[in-house]
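**Student:** Before I ask anything, let me first share the structure, which is written out below as structure tokens.
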């Protein structure tokens, strides 16, 4: 009988050790993408694949790269006038329409992909301390207190309806 108890105990331990392999799967599920598909290449019907830190072209002799952050597409430009933000997301996405390689021509196709795929900077991509840590029941955003239930503004959608 003691042998049977030891056998059941040992198999239970082995079962627990085998179950820990789910941790790796859980970590993989939380992985953030390094590539995102959005839009079609201008002048073709091929899907546009955006890769993190991909060189897109030059504007004014300074390179433009992609940033994939939380599965969203941003750009960074080495010619950023604020050199302290040179390695962070750049706000003016229209520079893509003026790159030396004309990858996104300044026409309907180029404007469509830039406007529908590239995000302007937001608190998640701005410099440190733009969106501060919680202090009591508020979070400072650009040194302005944001509290729960605070009316930030009215959103007007593409259909003209205010929400």
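The values are calculated or read from the model by the stated rules, or taken from the named source; none is laboratory data. Predicted model only: the values in this text are computed from it and were never measured. As a convention, Cβ positions derive from the backbone with ideal geometry for all residues, glycine included, and neighbour counts pool all protein chains shown.
**Student:** How many residues are within 19 Å of residue 112 (Cα to Cα) and either at pLDDT below 85 or in contact with a helix residue (DSSP H, G or I) (Cβ under 9 Å, 6 or more places away or on another chain) (or both) when one looks only at segment 26-43?
**Tutor:** 7
**Student:** Right, here's the next one. Tally time: how many residues in segment 145-163 are modelled with pLDDT of 75 or more and either part of a loop (DSSP other than H, G, I, E, B) or surrounded by 10 or more Cβ atoms within 10 Å (Cβ to Cβ) (or both)? Don't jump to the end; show me each part of the working.
**Tutor:** Taking segment 145-163 and keeping what is modelled with pLDDT of 75 or more, we get 145-151.
Filter once more, so that each one left must be either part of a loop (DSSP other than H, G, I, E, B) or surrounded by 10 or more Cβ atoms within 10 Å (Cβ to Cβ) (or both): 145-146, 148-151.
Qualifying residue count, segment 145-163: 6.
**Student:** Does segment 115-133 contain any residue that is in contact with a strand residue (DSSP E or B) (Cβ under 9 Å, 6 or more places away or on another chain), in a helix (DSSP H, G or I) and either modelled with pLDDT of 80 or more or exposed (fewer than 15 other Cβ atoms within 10 Å of the Cβ) (or both)?
**Tutor:** Yes - at least one qualifying residue is present in segment 115-133.
**Student:** Separate question: How many residues, within segment 42-56, are touching a strand residue (DSSP E or B) at 6+ places or on another chain (Cβ under 8 Å) and free of Cβ contacts under 8 Å to residues at least 40 places away in the same chain?
**Tutor:** The qualifying residues number 8.
**Student:** Filter segment 59-81 down to residues that are outside any strand (DSSP E or B) and within 22 Å of residue 49 (Cβ to Cβ) and give me whichever is modelled with the lowest pLDDT. I'd like the intermediate steps shown before the answer.
**Tutor:** Pass one, segment 59-81, residues outside any strand (DSSP E or B): 60-61, 70-71, 78-81.
This time we only want the ones that are within 22 Å of residue 49 (Cβ to Cβ), so: 70-71.
Working: 70: 79, 71: 83.
So the residue we want is 70.
**Student:** Further question on the same structure: Which members of segment 91-106 meet the condition of being at pLDDT 85 or above, farther than 18 Å from residue 38 by Cα and assigned to a loop (DSSP other than H, G, I, E, B)?
**Tutor:** 92, 99, 100, 101, 102, 106
**Student:** For segment 62-81, name all the residues that are in contact (Cβ under 8 Å) with a residue 24 or more places away in the chain and within 17 Å of residue 102 (Cα to Cα).
**Tutor:** Passing the criteria: 64, 75.
**Student:** Now a separate question. Can you find a residue that is crowded, with 16+ Cβ neighbours inside 10 Å and within 20 Å of residue 122 (Cα to Cα) anywhere in segment 97-109?
**Tutor:** no
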